[in-house]
1. Under the 0.36 nm per residue contour assumption, what length would be gained going from the current alpha-carbon distance of residue 148 and residue 19 to full extension?
2. Run the numbers on the chain and let me know its relative contact order in percent, using alpha-carbon pairs under 8 Å that are six or more apart.
3. Quick check on packing: order 122-133, 78-89, 105-116 by the mean number of other C-beta atoms within 10 Å, highest mean leading.
4. Let me have the relative contact order for segment 88-177, percent, based on Cα pairs under 8 Å that are six or more residues apart.
5. Could you grab the Rg to Rh ratio for segment 18-76? Cα atoms only, Kirkwood for Rh.
6. Can you list the equivalent-ellipsoid semi-axes of segment 88-177, largest first and in whole Å, using the square root of 5 times each Cα gyration tensor eigenvalue?
7. Using Cα atoms only, what is the angle between the long axis of helix 7-108 and the major principal axis of the chain, expressed in degrees (0 to 90) to the nearest 10?
8. Quick check on packing: order 142-155, 40-53 by the mean number of other C-beta atoms within 10 Å, highest mean leading.
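Derivation of every value follows stated rules applied to the coordinates shown; laboratory data play no part. Nothing here was measured: the structure is a model prediction, and the numbers come from that model. FYI the Cβ positions are ideal-geometry reconstructions off the backbone, even for glycines, and counts take in every protein chain you see.
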């Protein structure tokens, strides 16, 4: 039988397979490296895109914050204007009422009574005056109490004074305005 040595052939085949394996391993490593670089680039582009969106949102939020601030300022100004309008409206509404209060005073004052001082604080009116007699002061108080515009007349001080005669008096009187009194035309005081 012939003797054939197959060892060199096997060694060559092993070397070829090893070389093929290393080539395949290199190709897989290159593909993995290329895939990792592409994935990293894609992730970075997504992060940049999201940062751009966030910056845009921040700018828009800043613009909207300025608009909200302007709206708040406008609402405050509007409220101030409305309050001023209410004050003006109240003053305009009270204008005829003041005239009617003085008209009612004239109607309630009996002859022989004179006022030297009239002060109003809120709905309280303080009167200082002279009367020819105490009866005239009593008549004044009754007529003020009978009036729809006045209530609770209160005589705080009476002293003899001969300015209007021997029976003359100087008096101080407090009376409250009836703010709910209605006029003939339906307006309040």
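1. 34.3 nm
2. After rounding, I find 15 percent.
3. Those peptides, ordered most packed to least, come out 122-133, 105-116, 78-89.
4. 28 percent
5. Taking Rg over the Kirkwood Rh, I get 1.61.
6. 26, 12, 11
7. It is inclined by approximately 10 degrees.
8. Highest-to-lowest ranking by the protection proxy: 142-155, 40-53.
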